[in-house]
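Colleague: Got a structure for you, questions after.
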Amino acid sequence: MDRFKYKITDQYQTYYLTMTIVGWIDLFTRKDCKDILIESIRYCIMHKGLRVYGYVIMSNHIHLIVSAKKETSGLSDIIRDFKKYTSKQFIKWFLGNPKESRNRWLEELFGQFGFANSNNKYFQIWQQKNHPVIVLLKFFAIQKLKYIHYNPVKAGIVERPEHYVYSSARYYIKNISCGIPIEDVRLRFKF
């Protein structure tokens, strides 16, 4: 029964996802890597039919509340493509960045994870599981939104959720653009 607990079963339903870097490596402490994520999410919104209701980028993982538009191949395909593309971009970044003090260390670690996983040729950046949890109720959506917005506060990065740049908190709290086009999750549910 547990093997079905965390699966995307309805490709067009809303889900709360957590995507994590292998080994919990702090890749997103670098602005370049966060920018790769932001640009990739924007691309998925514009060209792949991704809907984003909330997000936060932490040092080694990202939380999202998302769904896919009906005219797409579904959320699983969008997430797969997103992870594949961002992995390639991260590899290019750390292999081609002589100023990055951790590039050899990252190459070795991501190489070890890639070698241990037969699905990869050389490197593995993302953990394979996304821990998807279906969001059926407005109450649950708001609960997850608050959780992701308070992540940077709990981590001691900022004092207030809306102060964190890499999150949708500014959109919900101050109605300010947050770098990614957000669809208001409160409007997603009719009840």
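The values are calculated or read from the model by the stated rules, or taken from the named source; none is laboratory data. Remember, it's a predicted structure, so these values are computed and weren't measured experimentally. Positions of Cβ are backbone-derived with ideal geometry, glycine not excepted, and every protein chain shown enters the neighbour counts.
Colleague: When segment 61-113 is examined, which residues are found to be under 28 Å from TYR147 (Cα atoms), of a type in the set (Lys, Arg) and outside any helix (DSSP H, G or I)?
Modeller: Scanning segment 61-113 gives LYS69, LYS70.
Colleague: Pairs needed: first member in segment 131-151, in contact (Cβ under 8 Å) with a residue 60 or more places away in the chain and within 23 Å of SER76 (Cα to Cα); second member anywhere, acidic (Asp, Glu) and surrounded by fewer than 16 Cβ atoms within 10 Å (Cβ to Cβ); C-beta distance under 9 Å; at least 6 residues apart or different chains.
Modeller: ILE134/ASP10
Colleague: On the basis of being under 14 Å from CYS33 (Cα atoms), at pLDDT below 95 and not β-branched (Val, Ile, Thr), does ASN97 make the cut?
Modeller: Against the criterion (under 14 Å from CYS33 (Cα atoms), at pLDDT below 95 and not β-branched (Val, Ile, Thr)), ASN97 qualifies.
Colleague: Now, a different point. Has segment 129-150 got any residue that is surrounded by 12 or more Cβ atoms within 10 Å (Cβ to Cβ), hydroxyl-bearing (Ser, Thr, Tyr), at negative phi and not in a helix (DSSP H, G or I)?
Modeller: No: segment 129-150 contains no residue that is surrounded by 12 or more Cβ atoms within 10 Å (Cβ to Cβ), hydroxyl-bearing (Ser, Thr, Tyr), at negative phi and not in a helix (DSSP H, G or I).
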